[in-house]
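The next block holds one structure in the form of structure tokens; read it before the comments.
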Amino acid sequence: MAAAVFNQSIGASQSLGHFNTSGLHQEFGKGSVRLISKAFEVDVGLSKRGCYNSSQRNLSIIRASTSQTSLIDIVSSPSHNKSNDSRKKSGEAALILIRHGESLWNEKNLFTGCVDVPLTKKGVEEAIEAGKRISNIPIDMIYTSALIRAQMTAMLAMTQHRRKKVPVIMHNESEQATAWSQIFSEDTKKQSIPVVADWRLNERMYGELQGLNKQETADRYGKEQVHEWRRSYDVPPPNGESLEMCAQRAVAYFKDQIEPQLLAGKNVMIAAHGNSLRSIIMYLDKLTSQEVISLELSTGIPMLYISKEGKFIRRGSPAGPAEAGVYAYTKKLALYRQKLDEMVH
Ligand SMILES: O=C(O)[C@H](O)COP(=O)(O)O
């Protein structure tokens, strides 16, 4: 299967014209990207003849504006690429979703929702293990919820990434916060990954169940009622959010802020929560409100999607950092991994 997917993607990219390696040069600095198979030469040859390629133009726009702007400007105005809509659609990017590692209230079996609790020791280990599994996959931007358990998961996972770029949480809550968190070195900026924390990726707000024990709640209200609150699509818990209400904010945020980055060829990781991610996966996989009910996400397991021409192809969960199948999905993933291997030697 992986081989078939690999050949298919080569065919597809040749029909798209040529394979752009400029992004890799920007990512790893000048120097030739050594090819990992003859099949790539046709593509790189074309791009060497100076054929126009959108992501090079996009990169030059971002590169040019970087000198006058902080990391936040690249992140907060994905629309600056809106004018290249047609070219953007050819952008191919990796999207990684991770539900936070086990939290202290998961451990106590308490409804958590938007209460801001940290990870357990096991949750920390889960986050680090997740980081190992995605350590060879490119990440240009990270989005988390406003809750510490998701932010801890993202930061701990990135300690395992082989590219060793530094995730930097963006602060734009006020003009002063933006000004005081500026980075004044271009090289340091290039070695940083913007992390955007936003409440719209928070766990669904569990209303008057927050802090209650799930078993005691089932004993008090009945198993069926609690199951309906936890896993129906449009029935909210008392004074809380239904999954549908959670989707309205989480999916809207994904479409407005994250999808334009993917279409521009940016590789993105989202560290969030069981229900905010279930609602995003419902959108990515086009699940019905009936199908999403049975979708369960384990803590700390990374899921990989390939975003291509506005479509999302689910690729499962990388079993390990060197799982060959993952790097057969797209040429960019294969070349990125190869460059990481070269950096080590
Ligand atoms: O908010 C919580 O309690 C958990 O993170 C998710 O709970 P659920 O699996 O009951 O929706």
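Bear in mind that the values in this text are calculations on the coordinates, not laboratory data. Remember, it's a predicted structure, so these values are computed and weren't measured experimentally. Note that each Cβ is placed from the backbone with ideal geometry, even for glycine, and that neighbours are counted across all protein chains shown.
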Under Karplus coefficients 6.51, -1.76 and 1.60, residue-wise ³J(HN,Hα) of the stretch 227-244 in Hz, glycine/proline x: 4, 5, 4, 7, 10, 7, 8, 10, 10, x, x, x, 6, x, 9, 7, 4, 4
Intensity falloff of the stretch 183-304 expressed as log10 I(q)/I(0), Debye formula with alpha-carbon point scatterers, at q = 0.10, 0.14 Å⁻¹: -0.39, -0.68
Separation in nanometres of the label points that stand 7 Å from Cα toward Cβ, at Lys255 and Gln215: 4.2
Coil-residue trypsin sites (Lys or Arg not before Pro) of the stretch 239-345, DSSP, other Cβ within 10 Å capped at 13: Lys286
Label-to-label distance, nm, for residues given as Val166 and Asp116 (7 Å Cα→Cβ offset): 2.3
Over 29 Å between alpha carbons, listed pairs Lys122/Lys308; Lys122/Lys190; Lys122/Lys164; Lys266/Lys286: Lys122/Lys308; Lys122/Lys190
Spacing of the two label points (7 Å from each Cα toward its C-beta) at Val344 and Ser174, in nm: 4.6
Per-peptide average of other Cβ atoms within 10 Å, ordering 161-169, 178-186, 144-152 highest first: 144-152, 161-169, 178-186
Charge sum, other residues only, whose C-beta stays under 12 Å from Ile134's C-beta, Lys/Arg counted +1 and Asp/Glu -1: +4
